[in-house]
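Below: the structure, in structure tokens.
FYI, it's all coordinate maths here, none of it is from the lab. Quantities reported herein were computed from a predicted structural model and do not represent experimental measurements. Cβ: placed from backbone, ideal geometry, glycine included. Neighbour counts: every protein chain shown.
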Amino acid sequence: MINRLRNVSLTSWIIIALMTGLTLGAWYHTAHPDPHQISAFSQNMHLLSDIFLRLIKMIVAPLVFSLLLTGIAKTGDFKTVGRIGLKTMVYFTGATIIALLLGLIIVNVFRPGVAMHLGNTVSIPVTPKAFDAKEFVTHIFPESVVDALAKNQILPIIIFVLFFGMATASLRERGRIVVDFFDAIAHIMLKVTSYVMNMAPLAVFGASAAVIAEKGLGILGGYAQIIACFFGGLLFFIFVVLQIICLTLRIPFMKLFQHVKEPMLLAFSTASSEAAMPKTILALERFGCPDRIVSFVLPLGYSFNLDGSIMYMTFATVSIAQAYGMELSIAQQVTMMLILLVTSKGMAGVPRASLVVIAGMLQTFNIPQEGLALLLAIDWLLDMGRSATNVMGNAVATAVVTKWETSRQIND
């Protein structure tokens with residue numbers, strides 16, 4: 001019996017935990033009408049997911065630092081790093097434009113906002129944030145790498161490691177001891193990751209039970225149209241847009257999907273792309289992407305290539321306008337897309353980052369910000385879909401850059 005349980009995959013355990021959590025949450029919501037009891041139960045169940053996410057955050061900074069450093073040091077020169085970086089940013093920009101356009105097309109064709117009910121909307125604690133170029137740039141360049149590591153700020157860590165890695169590589173043999181040390185650290189952190197991942201089913205169980213106990217299963221039906229439209233758009237992006245990109249470059253999409261489906265499920269279950277990052281690294285290396293490219297492209301993707309979140313920004317903003325009977329012109333929507341092309345970058349790690357950016361868009365186009373309260377009730381569910389899509393989008397980005405680099409090496 002114990003051997004059979006050991007043979008059950010992590011993916012299967014996550015699915016079992018998700019269904020069990022939904023069942024327990026639905027029972028508790030029905031059996032305990034007292035809101036104070038429900039709130040206490042929800043907080044207790046959230047502890048499981050909170051502990052897991054804290055352990056994941058504990059891993060991210062040392063894992064990114066060590067993997068990226070060894071990747072850059074093995075690459076060995078600024079020219080190669082610059083070339084890979086340029087190709088990465090070209091792909092990220094193209095993918096962002098496609099995601100923004102897809103969000104606009106879906107929301108204009110299906111008009112899910114019209115079906116939303118505006119009764120009893122309330123103000124919510126989301127502060128609009130306009131894009132500030134100075135703040136964005138100064139955030140990228142760290143005053144203290146220790147502070148950046150402590151706060152899991154990926155972009156500042158990347159900037160420091162770029163300099164540190166190139167300096168280490170330039171010392172050649174004298175720098176070899178540093179490269180070997182951090183290469184060992186990277187392998188140790190991957191082992192730590194495998195231990196932490198065994199707790200994923202408990203986190204999924206706690207998170208799903210907490211949400212459903214508090215809101216009830218009925219919440220899934222009240223916003224059926226907007227849920228169906230958005231998830232349909234995410235599926236279209238993954239299985240049509242990303243598959244076309246892979247087919248064009250002769251990348252085996254379904255093979256890549258098979259490797260990445262477990263971290264996607266983990267991201268979906270926990271509503272956190274960050275939680276799936278260590279697993280995604282392992283999956284991409286098994287798929288055949290070189291560790292020097294994985295360790296460079298994937299951390300950048302968590303700040304510059306969040307396809308699901310980016311698509312949600314246009315989708316949600318226009319949906320709220322539709323709910324208030326406001327029609328945004330094509331020119332206004334194009335302007336919105338161009339603003340989001342810039343403001344969506346570097347937002348990873350900011351709590352409720354998508355909501356903050358959307359609040360800024362609502363203010364820019366004079367759409368009542370109270371409308372964002374309409375989406376808060378199901379934002380947890382939509383965030384699950386966004387997170388899973390972000391993982392697949394970054395996996396394809398890594399495979400694309402790998403293909404471009406491999407083709408160049410063959411041509412050279």
Rounded FRET efficiency, nearest 0.05, which uses the C-beta distance separating residue 163 from residue 334 and R0 of 51 Å:
0.85
May I ask which of 87/255; 151/279; 57/261; 151/261; 57/403; 57/279 have a Cα-Cα span longer than 25 Å here?
151/261; 57/403
Difference of contour (0.36 nm per residue) and Cα-Cα distance, residue 326 to residue 380:
16.9 nm
Suppose R0 equals 25 Å. What FRET efficiency, 1/(1 + (r/R0)^6) with r the Cβ-Cβ distance, do residue 16 and residue 231 give to the nearest 0.05?
0.70
Taking the simple approach of a point 7 Å from Cα along Cα-to-Cβ for both residue 31 and residue 187, what is their distance in nm?
5.0
What nm distance separates the two modelled labels at residue 255 and residue 54, each placed 7 Å from Cα along Cα→Cβ?
4.2
Efficiency of FRET between residue 180 and residue 240 - r from beta-carbon atoms, R0 35 angstrom, step 0.05
0.20
Give the whole-number value, in cubic angstrom per residue, of the convex hull volume spanned by the C-alpha atoms of the stretch 155-248.
198
HN-Hα J in Hz across the stretch 53-58 - Karplus 6.51, -1.76, 1.60, θ = phi - 60°, x for Gly and Pro:
5, 5, 5, 5, 4, 4
Taking the beta-carbon count within 10 Å as an exposure proxy, list 289, 246 from fewest neighbours to most.
246, 289
Convert each backbone phi in the stretch 242-255 into a coupling constant with the Karplus relation 6.51 cos²θ - 1.76 cosθ + 1.60 (shift: θ = phi - 60°), then list the ³J(HN,Hα) values in order as whole Hz, x for Gly and Pro.
5, 5, 4, 4, 5, 4, 4, 9, 6, 9, x, 4, 5, 5
Given contacts defined as C-alpha pairs under 8 Å and at least six residues apart, what's the relative contact order of the stretch 9-411, whole-number percent?
34
